[in-house]
Structure formats: structure tokens, C-alpha cells
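*Asks:* Starting off with a structure, shown below.
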Amino acid sequence: MIKLFLTRHGQTQWNEEGRLQGSKDSNLTSLGIKQAELLKERLADERIDIIYSSPLIRAYKTAEVISSNRDLDIITDKNFKEINFGDWEGLKHDEITSPQYEIFWNKPHLYKPSTGESFKDFKKRILSSLNNIIKNHDNKNVLIVAHAVVVKQILNYFENRPLEKFWDPPFMHSTNLSLIEIEDENVAEIKLYADTSHLETLKAANS
């Protein structure tokens, strides 16, 4: 059996500013670092054998914080980079006027990017690396540190969720934690889904 832990990076400067990041990048905020530290504490009693990370700095730095008390290398995989938003990257949400932007969020099955990445191509690259992990890491506990849409795609895949329901709840909050137990390529169970209970102390401090 493989235990597959999934998380999104901590909050970034562009998250705070409401800018689309995609294949571009920005640094973690102090809150983002704290979120990663709390996830590190959450995982302290879990065996982690291997860590995969998107090479984008926001994910890699999150992985570094989470693994700082473990003697593990972080394996970067470009296939776990966030979906490419093309010309929208770096813009604030209210600066984007393309009709395709509304379609991306509300009717993803009809989305046709002009400069970005299609859901079909995005899913293909994610599953390429995911299937290699499943094939090559039997009886291991694997942590993947990536991005909101990447984590969403992996969970949707195991749920057999159709593309038109891609954005159905729950939302992929920063450093949310999911756990999928995989018996073989055809038997998988989601044991934990986008959980953020380790962030309750932050919520209490801001209430």
C-alpha cells in the first residue's frame, strides 16, 4: 500500500495581493511560512519516506519547512507545477476581462485557452508523474507539495469527478492536507480531504 499525502504551498505575496501565479512565482509571506510550520507539526508523527515538490519556489520552500526535521531529499518534478494561465499570470482577478476567465472558473469543461494550458494537457502531465510514483514507491509514504489546482486535479482523479464539476468544494486552502491510501492502481481511498485543522490556532489568533 502507498500512503500519498498532498498539500498546497503556504500563502504567498501574490496570494495576498490577489494575483494569479500559475507558472510564475512569488515568495512565501510570514503567514505562509507559519502555515508550513504548523503542517510540519501536524505531520511530526507520520512516517514520510519520500518528498516530491513542484520546482516553483513557493512549493519548494514549503517542502523545505515541512522536511526541516527529517533527513530527506526533496525531489523536484516539473509536472507538479501549477497550471499555466498564460497572459493572465501576474494580473489581479479584477484586471482580467477575457470571457474565457469566467468560463475557466464556472464552466471548466468549455474552457479553451488562447495562451495558457488546457485542462486536458494539465491533467496528462499530472497523471504521468502520479502514476510513476504509484508504480515505483510501493509500501512507501509519499508527500507531494504542489499547488491548488494540482492538488485539486489529483483528488478529482481519484474521485472520478467529471471536468464540469472540477471546482466543486472543498476549496484548496494554503497547506491543506489530504491523504490517499492506494492498495494498487485500481483501489484507492481518500482518507483525509483538504483538511486544515492544523491551522485552527491561526484562525483563533485572528478572530
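The values are calculated or read from the model by the stated rules, or taken from the named source; none is laboratory data. All values reported here derive from a predicted model rather than from experimental measurement. All Cβ positions, glycine included, derive from the backbone under ideal geometry; neighbour counts span all protein chains shown.
*Asks:* Given the structure, is Leu127 touching a strand residue (DSSP E or B) at 6+ places or on another chain (Cβ under 7 Å), modelled with pLDDT of 95 or more and closer than 19 Å to Phe80 by Cβ?
*Replies:* When the stated conditions are applied, Leu127 does not pass them.
*Asks:* Where the second residue is of a type in the set (Asp, Glu) and at pLDDT 95 or above and the first is over 19 Å from Leu127 (Cβ atoms) and part of a strand (DSSP E or B) and lies in the range 173-194, which pairs have Cβ atoms under 8 Å and are six or more apart or on separate chains?
*Replies:* Leu177/Asp195; Lys191/Glu181
*Asks:* Looking only at the range 69-93, count how many residues are farther than 17 Å from Ser118 by Cβ and part of a loop (DSSP other than H, G, I, E, B).
*Replies:* Result for the range 69-93: 8.
*Asks:* Out of the range 72-94, which residues are at pLDDT 95 or above and acidic (Asp, Glu)?
*Replies:* Of everything in the range 72-94, those that are at pLDDT 95 or above and acidic (Asp, Glu) turn out to be Asp77, Glu82, Asp87, Glu89.
*Asks:* I've got another one for you. Among the residues of the range 153-170, how many are surrounded by 11 or more Cβ atoms within 10 Å (Cβ to Cβ) and not in a helix (DSSP H, G or I)?
*Replies:* Adding up the residues that qualify gives 6.
*Asks:* Applying the selection to the range 115-143, what residues are surrounded by 17 or more Cβ atoms within 10 Å (Cβ to Cβ) and either free of Cβ contacts under 8 Å to residues at least 12 places away in the same chain or of a type in the set (Lys, Arg) (or both)?
*Replies:* Answer for the range 115-143, where residues must be surrounded by 17 or more Cβ atoms within 10 Å (Cβ to Cβ) and either free of Cβ contacts under 8 Å to residues at least 12 places away in the same chain or of a type in the set (Lys, Arg) (or both): Lys123, Arg125.
*Asks:* Taking Ile33 as the residue in question, decide whether it is of a type outside the set (Phe, Trp, Tyr) and not in a helix (DSSP H, G or I).
*Replies:* no
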